[in-house]
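What follows draws every value from the coordinates through simple rules; no lab data is involved. If you're wondering where the values come from, they're calculated on a predicted model, not measured in any experiment. Because the Cβ atoms are built from the backbone with ideal geometry, glycine has one as well, and the counts that use them run over all protein chains shown.
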Amino acid sequence: MTFQLFGIGILSWITFLPVIGMIIVLLIPKEARSAMKWTAVGITFLQVVLAVVIYANFNYNLGGINSQEGMQFVEKAKWIDIKSVSWFGRVLIEYFLGVDGISVPMVILTALISFIAVIASWKIDKALKGYMALLLLLDTGMMGVFVALDFFLFYVFWELMLLPMYFLIGVWGGPRREYAAIKFFLYTLAGSVLMLLAMIALYFSVTIIDPASGEKLHTFNLLAMMNPANFEPNSLLAGFGTHMRALAYVALFIGFAIKVPIFPFHTWLPDAHVEAPTAISVILAGVLLKMGAYGLIRISFPIFPELAQKYAFALAILAFINIVYGALCAMAQTDFKKLIAYSSVSHMGIVLLGMSALNTQGMMGAVFQMFNHGTITAMLFLIVGVIYDRAHTRDLNAFGGLALTMPKYTGIMTVAFFAALGLPGLSGFVSEAFSFLGAFQVDKLRVITMASTLGIVLTAAYMLWTLQRVFLGKANEKWSTMPDVDGREIFMLAPLAIIILVLGIYPSFMLNIMTSSVNHLVDLVAKGGAAVALIP
Amino acid sequence: MFVQQIIQNLIHFLPEMVLTATFCIAILAGLIFRNNSKVVGWVAFIGVMTALLFVINQSGTSEEIFSGMIAVDPFAVFFKSLTAICALIIILFSAYSVEVQTTVKRMAEYYALLITMTLGMFLMAGATNLLMMVLAMELTSYSSYILAGYTKEASDSSEASLKYIIYGAVSSGVMLYGVSILFGLSGAMNYSGINRALTLSAPNYYALLIATIFIVVGFGYKISAVPFHFWTPDVYEGAPITITAFLSVASKAAGFAMMMRFFKVIFIDTTILALPSGVWISLYHFEWNKLLVILSVLTMTLGNLVAVWQDNLKRLLAYSSIAHAGYMLMGVVLLSDKGVAAVLIYFVMYLFMNLGAFYVVMLVANKTGSEDISAFRGLGYRSPIISVAMAIFLVSLTGLPPTAGFIGKFYLFSAVLDARWIWLAVVGAVNSVISLYYYARVLRYMFLRDAKDNLENLHILRIEALILLVLAIPTLIFGLYFAPIVDLANASVQMFGLH
């Protein structure tokens, strides 16, 4: 069964639907504000439907990662094909899309978060048309990153997001928005130019034989880059564990680390999150941060397996710093949004710790934590947004006893808070447990893992303390008339709460999808490392 | 026999002859239609268009004409077409420029000089003889000195012109001195002749080095490379925007064409043939490219760093164009066809995005009378079309996908990495991050700041919107589908006497 409509595959549809939506929004006259909102809602809802179709028809047994046969819903076409000149060689850039068990959770997450972000943007007042158009363009960029299997294409999508994000923070953000927006832009661009150089170096090192003409050609195909046999002898990145390869790995790593963000590249994150409007914070935390970790898993690890192993310990140390330092920073905040922002740093550390284990449990925990963090943090930011809409302050000490005035709100919030601190029965617990379990099994990482569990205690501390300051205690007279959550707000929070609960009780809904791919990846990295052992 | 040869060669000289004829007709038309500048504009437009058609007709030929004075080869054809297209766009700009059109009586001069400047650039692109090179450069320079000071009423325009002349005179003097030393060393004027002479007997190394440095001064001045760039910001700020735009693209392109041909043909080691993947070797490892690599790093770094502080948009774009020259120099130093091809690709992309940015500055200056960044305040709400187009041009200048500028940078970095100049690629990459800051500053003024009450909405004419689209659409399309440009550049690397 092929999933096509008008001869265009489902992945193209899910990626480019928002662009269609953007064009429609741009054509709608300025006055028809609700038409714009409903278009955006409709388009993102269709995206969710397509994501569900992908989920329902996904074959659990295929691994993917480095084999095209293992990829599902594949679409492949020539995009740029420049005929051979003797000294230039043929240039072939493909439009190559496909998903495996690692990308599907991210595709679902992106569709879901985009949909919720549109609903959360309902009260945007200023230049609504531009806002919706940019939001939809951003959506395409994010989705594209998770389905692209050609490095060039990946890079184009990766960069496509920057500009909409810059404007969304810069135009619709808080008081220090200009600073936050340019900081975000500069940081990510610095990372991506390094990634660009690594990408070009890889391109010149990898050749495949074109099945049609039999000539050798350089390629941006990510799957081809994962096969050591495809590296030209004497090319820039040939061999194993050479200095050049280490350099390329570090360049890629910095590019992705800035997005995750990994300490010490994290300083853009609190600024961007605090200044961005609620919906954009949700997207930032829910999807954008995952792109960094996804890049490491999809690109860095399988292409440079020996270096992934060599630097696993260093990665674990960075993970430890992220977890503990992020939690400590969160504890020190009085701004509700900044607290959540730092909690993201801490939680992404758990993803990194799981990845550094390089075994099935750890990697599974990492990918699952990426999904869970997406849903949980999105919910937390929405919760902050709800309260900020009403009170116009985010100072934690200004509240108190909200449980009395807003019982429904408090109930929903509790789910998110407890999920974030890893309460068993909620999704966050499962993925955190897997990550720690995986890392603990590796001898080298045992001490770091034990130290990192400190982060869990700290997380519980700041989460509960926040809960106490805002929702419990003596009710602040000032907020006694604050209305409880309305239907729209429940509508955007409820799906996330349900997902968190369901995946907490029965995580296999998500884990089953990932199992084959994660196993395949772990295997691939381990074998790449074995090749190192052969060469002294 | 000799005369006969010259007459035969004239067929390859048609574009230049057309331009010369256009120059004469433009002056005559200016005398006849004194009060109607449109006629001269049309004459110039049609003349350059005809020249462009003749240039395109030349594609595929590879000849040297007038006893080794000028080459007609794919390389020259590429740069001549680029210059001609740029000239056509500038003529369109001029027709709607308030600044230029205030002087209806002198419009004939303006267009006539624009034509001679184009003619000079045509000759620069093809020059294969030291004398021809100097003459072509002087022809271009003299026309641009006058045009830079064209708006006599504005004092900064005259100042610009004077500065331009002084810098130009000094650097062409130094260059001429270098040329004479090179002639003394080799006893030949023709590039291939010099190459043969140098291959036969190695000259004194230091004499050759000094000659090369002196000649680089001339090239550096033409492409405004640091430290020969001092004239650029002042001239760009003082000259009419149309001329600034023309200088920043066409003049730079002609300078690069001349420089690449000079270095490649003169210093290539022809005894070692058929190196793989289009790499060549410099004669007895005379490392002229080390000189240029210093210029390249200085040029892009200083251009970008200084641009950060600019409030006048013409100055900002002046420094940005200096930085772009620095990027392109990276392609020249690699001693590889890939590098040369990357420069050619970059120029095509640069043509659209840079002219576009200057055009927006011109539109805003036409309507508000200010070139300052504050005139752009809230432009996103006052004139969405202009500001979205400007955003596209600026993003492209930064080099972000999916715009043409990214493809230009991509091919440059590819060539640099392929030649394994890794540190140079990193310097270039870091520089594009710096450049983001000042390009984004314009974006910030346009979109992130609200317009003050006293700023009115800008309305643009349909034809102005059309010109914007003509520049903005290629900037986007070439970012997504660039195969034809790359094909063209790959085919245009061929210079006469090589390959």
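In terms of its C-alpha gyration tensor, the range B:56-184 comes out oblate, because a/c is 1.5 or above while a/b does not outweigh b/c.
By DSSP, the beta bridges lying fully in the protein assembly as shown are antiparallel in about 95 percent of cases. Spatially, the range B:429-495 and the range B:147-194 are offset by 32 Å when compared through their Cα centroids.
Projecting the Cα atoms of B:G405, B:V442, B:F352 onto the dipole axis of the range B:300-499, where Lys and Arg carry +1 and Asp and Glu carry -1 at the beta carbon, places B:V442 farthest toward the positive end. Would you please classify the overall shape of the protein assembly as shown from the alpha carbon gyration tensor, given that a ≥ b ≥ c denote the square roots of the eigenvalues, rounded means a/c under 1.5, and beyond that prolate means a/b larger than b/c while oblate covers the rest? It is prolate, given that a/c is not under 1.5 and a/b is the larger ratio.
Mean partner shielding of peptide B:484-490, defined as the number of other chain Cβ atoms within 10 Å of each residue Cβ, is 3.
Selection among B:I392, B:F376, B:G331 by position relative to the dipole of the range B:300-499 gives B:F376 as farthest towards the positive end (Cβ unit charges, Cα centre). For the peptides B:159-172, A:469-482, A:347-360, the ranking by mean Cβ contacts within 10 Å, running from highest to lowest, is A:347-360, B:159-172, A:469-482.
Taking the Cα centre of chain B as origin and assigning +1 to Lys and Arg Cβ atoms and -1 to Asp and Glu Cβ atoms, the resulting dipole is close to 400 debye. As a rough guide to protection, the peptides B:224-235, B:288-299, A:212-223 ranked by mean Cβ packing within 10 Å, highest first, stand as B:224-235, B:288-299, A:212-223.
Below 8 Å, C-alpha to C-alpha, sequence gap of six or more: please give me the relative contact order for chain A in percent. Provide the component values of the computation, followed by the final result.
Numbers: 950 pairs, mean separation 81.5, N = 536.
About 15 percent, as a whole number.
Amide H contacts for A:T219 (H built 1.01 Å from N in the peptide plane; partners 5 or more residues away or on another chain; cut-off under 5 Å): A:V206, A:I208. The loop-placed trypsin sites (Lys or Arg not before Pro) in the range B:410-499, going by DSSP, that have at most 10 neighbouring Cβ atoms within 10 Å of their Cβ come out as B:K452. Only Lys, Arg, Asp and Glu carry charge here, each on its Cβ (+1 for the first two, -1 for the last two); on that basis the range A:311-531 has a dipole of about 200 debye about its Cα centre. Its relative contact order, with pairs defined as Cα atoms under 8 Å and 6+ residues apart, puts the range B:300-499 at 30 percent. Under a 5 Å amide H cut-off, with hydrogens placed 1.01 Å from N, A:D150 pairs with A:F96, A:L222 among residues at least 5 apart or on other chains. Protection proxy ranking for B:310-318, A:312-320, using the average of other Cβ atoms within 10 Å per residue and placing the highest first: B:310-318, A:312-320.
Let me know the shape class of the range A:311-531, please: from the alpha-carbon gyration tensor, a ≥ b ≥ c as square roots of the eigenvalues, rounded when a/c is under 1.5, otherwise prolate if a/b is greater than b/c, or oblate. Walk me through the intermediate numbers first.
Details: a/c = 2.99, a/b = 1.88, b/c = 1.59.
Prolate, since a/c reaches 1.5 and a/b exceeds b/c.
Counting only other chains, and only Cβ atoms inside 10 Å, what mean value do you get across the residues of A:188-201?
On the way: counts 1, 11, 6, 1, 4, 13, 4, 1, 11, 9, 1, 4, 9, 7.
For peptide A:188-201, the averaged partner shielding equals 6.
Separation of the range A:105-139 and the range A:163-241, taken as the distance between their Cα centroids, equals 26 angstrom.
Taken about its Cα centre, the protein assembly as shown carries a charge dipole of roughly 1100 debye when the Cβ of each Lys and Arg holds +1 and the Cβ of each Asp and Glu holds -1. Here the sum of -39500 (n - 2.57) over DSSP H runs of 4 or more residues, divided by the residues of the protein assembly as shown, equals -23000 deg cm²/dmol at 222 nm, to the nearest 500.
Which GluC sites (Glu not before Pro) does the range A:65-128 hold that lie in a coil by DSSP with at most 13 other beta carbons within 10 Å?
Details: sites: A:E69, A:E75, A:E94; in loops: A:E69.
Here the GluC sites (Glu not before Pro) that fit, given the DSSP loop and packing criteria, are A:E69.
In peptide B:416-423, how many Cβ atoms from other protein chains are near each Cβ within 10 Å, on average?
Numbers: counts 2, 9, 8, 0, 4, 0, 6, 0.
Neighbouring Cβ atoms belonging to other protein chains average 4 per residue here.
Farthest toward the positive end of the dipole of chain B, out of B:V470, B:S37, B:I422, is the Cα of B:V470, where the dipole comes from beta carbon charges about the Cα centre. For chain B, relative contact order (Cα pairs under 8 Å, six or more residues apart, normalised by length) works out to 14 percent.
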